[in-house]
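Structure, as structure tokens:
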Amino acid sequence: MIEVRRLVKRFGLKTVLRGVDFHVEQGEFVALLGPNGAGKTTFLRILASLARPTLGEVRINGYLLPQQAAAVRQRLGVVSHLPLLYGDLTAEENLRFYGRLYGLDGLDGRVSELLARVGLAERRRDLVRTFSRGMQQRLAIGRALIHQPDVLLLDEPHTGLDQDACEMLDTILRDVAAQGQTVVMTSHDLARAEDLATRFDVLSRGVIVASAAAQALPPEGLLSFYRQALRAPAQKGAA
Ligand SMILES: Nc1ncnc2c1ncn2[C@@H]1O[C@H](COP(=O)(O)OP(=O)(O)OP(=O)(O)O)[C@@H](O)[C@H]1O
Ligand SMILES: [Mg+2]
């Protein structure tokens, strides 16, 4: 569960998040949409405890960020633009490394299962620095799932993946959601987001300007909702 109240993020004099309120119940799958520069990555990085809020309150599973970041990280998986992998380790060594970091035992089975799930079983013994970008992205997805996190954060996870890998990721995300894990995913692929998510939030100029559950989308679909949201004047918390 994620609770964000009046979140502000500034970089120097520039205010990027201007009072974001955001609540996600366990098991929801939220697609966070918005134009380039809206603040989506900044927001996800704060949720992932990779950046600090300037003002406001951020709680994940009841733990406060950044004060209780260690407890949050234990139950959180992140797929970001930086794959956070070690180039001089093999695919399986990377997963084993992260598994140990989370204090997991009996990792062999888990590592094999994840490598198969992301389509890298045959490359398990190859060094990650020899991987293509899409292959690194696949492994980053495996890495994010190794400890079966309650909350999965993904920043444009389909970017750079080929058609098969995108479908593989969608299958993984549907499984994750079916298991009751919470997902927040940014995307510019509205069709994909519409297919996967149970809720859609639109971030524009640092505030959430619209939010709708999947069943509350207009009959014309997500694209129409999205365009409408960007036309509407920002209402909440605009500074
Ligand atoms: N470390 C930083 N220092 C200064 N400004 C930053 C920093 N990180 C992000 N910004 C600024 O914050 C704003 C939001 O950037 P962010 O990356 O969060 O947008 P985004 O919604 O993820 O966009 P995109 O769709 O292009 O990925 C941009 O104006 C960006 O220049
Ligand atoms: Mg971004």
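Values in this text are rule-based calculations from the coordinates and carry no lab data. Since the structure is predicted, the reported quantities are computational estimates derived from the model, not experimental observations.
A few remarks follow.
- Cα-derived Rg over Rh, computed across region 103-239 with Rh taken as Kirkwood radius: 1.04
- More than 24 angstrom apart: percent of Cα pairs within the chain: 45 percent
- The percentage of C-alpha pairs in region 1-98 whose separation is greater than 23 Å is 32%.
- Multiplying each eigenvalue of the alpha-carbon gyration tensor of region 85-148 by 5 and taking the square root yields semi-axes of 17, 12, 10 Å, largest first, rounded to whole angstroms.
- Interchain or long-range residues, amide H under 5 Å from Gly56's placed H: Val8
- In order along region 148-159, the Karplus-derived 3J(HN,Hα) couplings, from 6.51 cos²θ - 1.76 cosθ + 1.60 at θ = phi - 60°, round to 6, x, 6, 10, 10, 10, 10, 9, 6, x, 7, 4 Hz, and Gly and Pro are given as x.
- Placed amide H near Val16: partners under 5 Å, 5+ positions off or other chain: Lys9, Arg10, Phe11
- Beta-bridge orientation, the chain: approximately 60 percent antiparallel, per DSSP, counting only bridges with both partners inside.
- Remark on region 170-235: Rg and Dmax equal 12.5, 37 Å (Cα only).
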